[in-house]
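**Q** Quick one: the structure is below, and I'll ask about it shortly.
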Amino acid sequence: MGSISTPTLAVLVPGAMGAAIAARLSVSGAGTILTNLDGRSESTIHRAQTSNMQHGSYEDIVQRASYIFSIVPPQEALNLAETIVSAYKSSGSQRPLVFIDCNAVNPESMKGMQALFDGIGITLLDGVIIGTPPSDSFNPGIYVSADPKDIAALDDFTRMASGLGLNVIPLKGEGAGIGDASAVKMAHSGIVKGTIGLFTTMILAANAASPSTAEGLAHALNLSQPTLADLLIRFVPMSIPKAYRFVSEMDEVSSFTGGDGAEIFDRLSKIFGRVANDDRGDIADTLLKFVEQAKEVRGRSDAV
Ligand SMILES: *[C@@H]1O[C@H](CO)[C@@H](O)[C@H](O)[C@H]1NC(C)=O
């Protein structure tokens, strides 16, 4: 631990993802991992300690850390970047450091964020995390891109973070720059959550037609598209408690997509909004009942 060759890192903030990333870095041999615990709850402080993170003020962080990972809800990403840039400027320091924004902000917002870093010693990398927090059985993908002038920093980061147990995939080559990693997240989320949105839409439409339409749909999916039926069985129940988050994600995907494609995601955002505001639980009941039907049909060998 803390050997001379390992750079000081910072992971902001110690939420479920940030703390799990810090824990992975720590067990893989990282030295000091700073975070900021001002105003945090007992449980967050405890989670940070369990992940071997140490408290530091922002002033402290910009003077000691060589790499700062920003892992926050998307609406807080710009704020955190501003906080770091202003702490850096008021420290009067020129020491080089790298700020990796790992958040699901759309590519346009990333380009806006880039302006903050103009002409100072902090290099901005555009990163996104795809998948659930690291665990013993899973390591999420961290896709990273950089301004063409910062390719050396991207290579250094990739080497450092891969050496400390992260699954880093750099995006390089023709036309790559800030915004491209964010675009991967948008396109991936459009496919994965968009598919869940289509499942949801058609389950509700089939049920609105009649109960036997819903039964027929479960049978037909099993007959012609068993892979889709299995995905539906797995993803639709998981999506219900997260629907409120998918509303804003679909809005981001819509602005990324633009044109006719944008309308698809505007509508899916509304569908998830209906699921999220389902106070009486009717929509959730309909969806879960269909999932039970689909499961039953998958395991059954007679006709409807
Ligand atoms: C569902 O599909 C499986 C094969 O994937 C098949 O064995 C089973 O008979 C089907 N169920 C019904 C009710 O047709």
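The values are calculated or read from the model by the stated rules, or taken from the named source; none is laboratory data. Note that the structure is predicted; figures quoted are calculated from it, not measured. Heads up, the Cβs are rebuilt from the backbone with ideal geometry, glycines too, and the neighbour counts pull from every protein chain shown.
**Q** Out of all the residues in the range 121-157, which are surrounded by 19 or more Cβ atoms within 10 Å (Cβ to Cβ) and either among the polar types (S, T, N, Q) or not assigned by TED's automatic domain parsing to the domain that holds Ser66 (or both)?
**A** Thr123, Ser145
**Q** Is there any pair with a first residue in the range 48-66 that is buried (at least 17 other Cβ atoms within 10 Å of the Cβ) and a second that is part of a strand (DSSP E or B) and polar (S, T, N, Q) whose Cβ atoms are under 7 Å apart and which are 6 or more apart or on different chains, and what are they?
**A** Hits for this filter: Ala48/Thr35; Met53/Thr35.
**Q** Continuing with this model, one more query. Taking the conditions exactly as written (surrounded by 14 or more Cβ atoms within 10 Å (Cβ to Cβ) and at pLDDT 95 or above), does Ile191 satisfy them or not?
**A** Spelling it out, it is not the case that Ile191 is surrounded by 14 or more Cβ atoms within 10 Å (Cβ to Cβ) and at pLDDT 95 or above.
**Q** Yes or no: Val297 closer than 24 Å to Thr132 by Cα and within 16 Å of the ligand (Cβ to nearest atom)?
**A** no
**Q** Quick one: how many residues across the range 172-195 are β-branched (Val, Ile, Thr), in contact with a strand residue (DSSP E or B) (Cβ under 7 Å, 6 or more places away or on another chain) and either without any contact (Cβ under 8 Å) to a residue 12 or more places away in the chain or assigned to a loop (DSSP other than H, G, I, E, B) (or both)?
**A** 1
**Q** Also, quick follow-up: Mind listing whichever residues of the range 22-47 are closer than 24 Å to Thr158 by Cα and either without any contact (Cβ under 8 Å) to a residue 24 or more places away in the chain or touching a Pro at 6+ places or on another chain (Cβ under 8 Å) (or both)?
**A** Ala22, Ala23, Arg24, Gly31, Thr35
**Q** Restricting the search to the range 276-294, which residues are within 16 Å of the ligand (Cβ to nearest atom) and more than 24 Å from Met250 (Cβ to Cβ)?
**A** Correct list: Glu292, Gln293.
**Q** Okay, moving on. List the residue pairs whose Cβ atoms are under 9 Å apart, where the first residue sits in the range 203-224 and is in the same structural domain as Pro237 (by TED's automatic domain parsing), the second is within 15 Å of the ligand (Cβ to nearest atom) and not in a helix (DSSP H, G or I), and the two are 6 or more positions apart or on different chains.
**A** Taking only residues 6 or more apart or on different chains, the pairs are Ser212/Val304; Glu215/Val304; Gly216/Val304; Ala218/Val304; His219/Ala303; His219/Val304; Asn222/Arg300.
**Q** So, one more: Return yes when Val291 is closer than 23 Å to Met186 by Cβ and among the aliphatic types (A, V, I, L, M) and no when it is not.
**A** Spelling it out, it is not the case that Val291 is closer than 23 Å to Met186 by Cβ and among the aliphatic types (A, V, I, L, M).
**Q** Given the criterion within 16 Å of the ligand (Cβ to nearest atom) and touching a Leu at 6+ places or on another chain (Cβ under 9 Å), identify the matching residue among Leu228, Leu204, Leu223.
**A** Selected residue: Leu228, the only one of Leu228, Leu204, Leu223 that is within 16 Å of the ligand (Cβ to nearest atom) and touching a Leu at 6+ places or on another chain (Cβ under 9 Å).
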